[in-house]
1. Could you work out the helix-only [θ] at 222 nm for the chain, with each DSSP H run of four or more residues adding -39,500 (n - 2.57) and the total divided by the number of residues, to the nearest 500 deg cm²/dmol?
2. Where does helix 205-215 land angle-wise versus the long Cα axis of the chain, in degrees 0 to 90, nearest 10?
3. Just grab the label-to-label distance for Lys209 and Tyr114, each label 7 Å out from Cα along the Cβ direction, in nm (one decimal).
4. Checking the cross-link filter: which aspartates and glutamates have an alpha carbon closer than 15 Å to that of Lys214, excluding same-chain neighbours under 8 positions apart?
5. Debye sum, Cα scatterers, the chain, no solvent: what log₁₀ I/I(0) at q = 0.07, 0.10, 0.13, 0.15 1/Å?
6. Using alpha carbons only, how many angstrom separate the centre of the range 135-195 from the centre of the range 235-259?
7. Take the range 149-226, compute every pairwise Cα distance, and split them into 5 Å bins from 0; I just need the percent in each bin.
8. For the range 25-113, which GluC sites (Glu not before Pro) are in a loop by DSSP, counting at most 14 other Cβ atoms within 10 Å?
Amino acid sequence: SGLQRGGPWIFLGAQGQGLFQDFCVPVLQVAVVDLNKTVGEQCQAQLDAEFGEGRSVFIQCDVTHGDALRDAFQRTVDQFGRLDIVINNAGINNEKNWEKTIQVNLTSVIKGTYLALEHMSKEYGKQGGTIINVSSMAAFLHSPHQPVYTATKHGVIGFTRAMADAAAQDDYGVRINVLCPAFVDTPLLHTVEEEDNMGKFVKFKDDFKQSMNKFGVLQPSLIAEGMMRLISDPSLNGAVMKITCAKGIHFHTYEPMSA
Ligand SMILES: NC(=O)C1=CN([C@@H]2O[C@H](COP(=O)(O)OP(=O)(O)OC[C@H]3O[C@@H](n4cnc5c(N)ncnc54)[C@H](O)[C@@H]3O)[C@@H](O)[C@H]2O)C=CC1
Ligand SMILES: CCCCC/C=C\C=C\C(=O)C/C=C\C/C=C\CCCC(=O)O
């Protein structure tokens, strides 16, 4: 992985709740890419405080805007000289504007992966690296209240596993893995209360809260720990990491294909 070299990273979808505090890397160089200026600037301020100024940059960008996303990758490489680690983390919950949900949660993850490969894959004469695509435990559940969100998270797993196979077969030098958290204590969880996000599925909000009570809510620090494992374990490619309150960090296993 790029970890021994200390980065640089590009982290798409900053998260407002301080996930970066829980990353522990020797020398951090990171571009934080987010639509939300306040979130991005707060994130950069945290990084400055933790690692010293000059190691991070905030790039305001809507990941659904292809040219802007391409520019964000280029600016990161211009700033740090290379790219080693890419986290496709940006995600929304919007069953009302479900086409936007597909754009952010799936199309942008695909674009982010292809751009990452342009900057890291041996196919493009680059030095290799690691990609994490963020899915969700929603991809493994029956969730009547989130059909399109669930579909996008299934899509992220299918795309990532297929690309990981391509990367291995064609020796890209890039490992591509997927992370599926259960409920995490972030602002996203509050969207279940909003008709603007849930549309007609807002009627399920009490069921949703019962699910949270039943399964529990994870702290972001465990997600950071899972990410660090995916980044630093050179044996992992095409892995589907699940993180739940009941089982902690573990991996999904698939039946072997039979003819
Ligand atoms: N919070 C949870 O319970 C779970 C979250 N996830 C996934 O984790 C990822 C991160 O979600 P959270 O931190 O929980 O949500 P969040 O809402 O706290 O953070 C998401 C970040 O993505 C940014 N973002 C949204 N749309 C964007 C766009 N078009 N361009 C650039 N940035 C954009 C937001 O500004 C925000 O900073 C998402 O992919 C989500 O689906 C997965 C499982 C559970
Ligand atoms: C109602 C739709 C809301 C969608 C967006 C809000 C939150 C997103 C949450 C997730 O992505 C996680 C979804 C489901 C998994 C939760 C728990 C599963 C735990 C399973 C287990 O412990 O075995």
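1. Values: 8 runs with 99 residues, N = 259.
That comes out to -12000 deg cm²/dmol.
2. So the helix axis and the longest Cα principal axis differ by about 60 degrees.
3. With each label placed 7 Å out from Cα toward Cβ, I get 4.3 nm.
4. Asp185, Asp206
5. Result of the Debye calculation: -0.22, -0.47, -0.81, -1.09.
6. Answer, in whole Å: 13.
7. 3, 12, 16, 18, 18, 13, 9, 6, 4, 1
8. On the way: sites: Glu41, Glu50, Glu53, Glu95, Glu99; in loops: Glu53, Glu95.
Qualifying residues, ordered by number: Glu53.
Any read-out appearing in this document is the output of simple, stated calculations on the displayed coordinates, not a laboratory observation. Treat the numbers as computed from the prediction; the structure is a model and nothing was measured. Every residue, glycine among them, receives a Cβ derived from its backbone with ideal geometry; neighbour counts consider all protein chains shown.
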